[in-house]
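Each reported figure results from applying straightforward, stated rules to the coordinates on display, with no laboratory input. These figures come from a predicted structure and were not determined experimentally. Every residue, glycine as well, gets a Cβ built from its backbone with ideal geometry; the counts of neighbours run over all protein chains shown.
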Amino acid sequence: MPYNWTTSETRPGAQELHLWPHQSLAPKGFAVFIAITFAMLLVPLVPFLGSVVLWGILPFILLALTGIWVALKRSRQNAQIIEVLTLSGDRAHLVRRNPRGEVQEWDCNRYWARTEMHVRDGPVPHYVTLSGNGRNVEIGAFLSEDERLALYDELSRALHRP
């Protein structure tokens, strides 16, 4: 699962929940995919080796390869999100680092914090939010539906555990 519970290194006795989007294509896989795609795009050019037609078709093949590379790179950059929920003593603190570097924070007393599951009302099925201190914040919206269900149960138990 793309989340895990750890003990905090900065706050003794605190628990941290780290969440991140699933990355199905590792950097090595990205390079292999681009290389294989390039090789497959060159196969139709074999009959044109040594002719002027090759130079007419080659720019379009390189343009297609560049488009694939840019789209995959952009997709990978958009998935660079990390959420860290720290539960310590009587505090719950959520930090979300977005792909472009901006940081969003939420802090609340654990006693007043509530975990809510929005089965159909959210942007995704079984949308999980934390509420407290006058705000509702989403958590783990990028997880799969099964992962959000498991997260909701774990958060409900962890928030109210002393």
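Would you please list the contacts, defined by Cβ atoms under 6 Å and residues six or more apart or on different chains, that run from a residue in the range 120-149 that is under 17 Å from N4 (Cα atoms) to a residue that is of a type in the set (G, A, S)?
Within 6 Å, the pairs are V128/G140; R148/G140.
Being under 22 Å from I81 (Cα atoms) and surrounded by 17 or more Cβ atoms within 10 Å (Cβ to Cβ) is the filter here, so list the residues in the range 143-162 that pass it.
Listed by number, the residues that qualify are L143, E147, R148, L151, Y152, L155.
Go through the residues of the range 38-50 one by one and say whether even a single one is surrounded by 15 or more Cβ atoms within 10 Å (Cβ to Cβ), within 27 Å of E154 (Cβ to Cβ) and of a type in the set (A, V, I, L, M).
No: the range 38-50 contains no residue that is surrounded by 15 or more Cβ atoms within 10 Å (Cβ to Cβ), within 27 Å of E154 (Cβ to Cβ) and of a type in the set (A, V, I, L, M).
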